[in-house]
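Data block below; observations after.
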Amino acid sequence: MIKQGPRDLVEQVQEAGLCIGCGSCVELCPYFRSHNGKTVVLHDCDLEQGRCHAWCPKAELDLEELSQALWGKPYRFTGVGPHLALTAAKAGPALGEGAFQSGGTVSALLAAALDQGMIQGAVLTGREGLEPLPTLARSLDEIKACAGSKFTAAPTLAAFNRAQAQGAEGLAVVATPCQGAALAQRRLDKVNPDAPTGPAELVVGLFCNWGLDPQGLMRFLGQKVNPETIKAMDIPPPPAGVLTVETTEGTLEIPLDEIRGFIPPACAICPDMTSEWADVSVGMLEGRPGWNTLVVRSEKGRALAEAAADKGWLVLEEMPADMREHLAGAAEAKRARALGAAQEQGLLGGPDEPGPKALRVGPEFWAELSQGKGE
């Protein structure tokens, strides 16, 4: 892992327009803060090495190193990434009622983890009006209050850093792929092993093709609806091609082409659709409303899924082969597009490529890319 400092982070990520606003660098020192969905730098810092750079998912993210460290396997183009199980899932009767997205699997997993004593709390992203609101949930009711997709970039990891600095332990984090990459890097980082902030106890990853800039989306939707009336948002599976906004006065459908301009540039080089660095990953299950796709990746994730099903928090069913193939193809296409875009922009390199890179891959993978085998 290449370790650099905050000045390098500002140059390589902030000034390059690659910041995704995940919050990984926020609350680590007094100089990085989140404001209206953006990460801002308050003061210059001349540290030669810093956790802010080491944990950033858009600066020197070594995909080969992470894959070998977490899964003991090389990083590859194929499928949804390393996993132990791939199933259909939905919330079980133990969870009760709630405003859940799709099948409610994320809320069910967190409730089960809390019930089993696997975690002491979970860092989630709620919503205040249209603004994403990272929060620490320590009860079932607090978990349910954060249910539902937000579709905007959020500084969730800033809340995780703050909670750990205040002494909280045993925390899960519900993370998008970029946030999951930042959390994965903490397992490798040795910049300051005695610092109060560190790895999460459990990472529940969310499927994601792209997020939206919260400021732009708030301004846009504010012209169409009263933000205070919004109850939920959703992007149905293809071929719908719309963002649905459910309000107290009805449902509004907005063509996706009208909001694509709010997608941050960093999303174009993100190769991860299915949160490959999480313990478990959750997404929609196309063609089956009320169900989710559940990817179990780690032994900890498997223990959680089995306990959740055993205690009635979760219902699991076999996922049809055609759905598995479709998901794998979508993940592979996202990975190939992103790495191709990063390569075209000079942001991707092999382990020995000179200069700062947003992403790095192993020598064999780099050779495949150079020969066009990933297309």
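Rule-based calculations on the coordinates, nothing more; no lab input. Please read all numbers here as calculations on a predicted model, not as lab measurements. Glycine gets a Cβ as well: all are built from the backbone with ideal geometry, and neighbour counts include every protein chain shown.
Which order, highest average first, do 330-343, 104-117, 257-270, 166-179 follow once you tally other Cβ atoms within 10 Å for each residue and take the mean per peptide?
The peptides rank, most packed first, as 104-117, 166-179, 330-343, 257-270.
Note down the net charge around GLY17, summing +1 for each Lys or Arg and -1 for each Asp or Glu among other residues with Cβ under 14 Å from its Cβ.
It works out to a net charge of -1.
Kindly point out, ordered by number, any Cys in the chain whose beta-carbon has no other cysteine beta-carbon under 4.7 Å away.
CYS19, CYS22, CYS29, CYS45, CYS56, CYS146, CYS178, CYS208, CYS267, CYS270, each lacking another Cys Cβ under 4.7 Å.
If each of GLU318 and ARG187 carries a label point 7 Å out from its Cα toward its Cβ, how far apart are those two points in nm?
3.0
Looking at the chain, what % of its DSSP beta bridges pair antiparallel, to the nearest 5?
For the chain, the DSSP antiparallel bridge percentage is about 70.
Assuming 0.36 nm per residue, please report the length gained on full extension of the stretch LEU133 to GLU325 beyond their Cα-Cα distance.
Full extension from LEU133 to GLU325 adds 65.6 nm.
How far apart, in nm, are the 7 Å Cα→Cβ label points at SER370 and ALA85?
4.2
Amide H of LEU285: which non-local residues (sequence gap of 5 or more, or other chain) have their own amide H closer than 5 Å, using H built in the peptide plane?
TRP291, THR293
Full extension from HIS43 to CYS29: what is 0.36 nm times the residue separation minus their Cα-Cα distance, to one decimal in nm?
Full extension of this stretch gives 4.0 nm more.
Measure of size requested: the Rg and Dmax of region 216-260, with Cα atoms as the atom set and Å as the unit; please supply both.
10.2, 29
Convex hull over the alpha-carbon atoms of the chain: what's its volume per residue in Å³?
Dividing the Cα hull volume of the chain by its residues yields 133 Å³.
Of LYS90/LYS224; LYS58/LYS334; LYS38/LYS90; LYS144/LYS311, which ones are farther than 27 Å apart at the Cα?
Beyond 27 Å: LYS90/LYS224; LYS38/LYS90.
Mean-square fluctuation check for the chain, GNM, Cα pairs under 10 Å: which of GLY346, GLY355, GLY92 is largest?
GLY355
Roughly how big is region 216-260's charge dipole about its Cα centre, with Cβ charges of +1 (Lys, Arg) and -1 (Asp, Glu), in debye to the nearest 20?
140
Which whole number of Å³ per residue matches the convex hull of the alpha-carbon atoms in region 64-157?
Spread over its residues, the Cα hull of region 64-157 gives 152 Å³ apiece.
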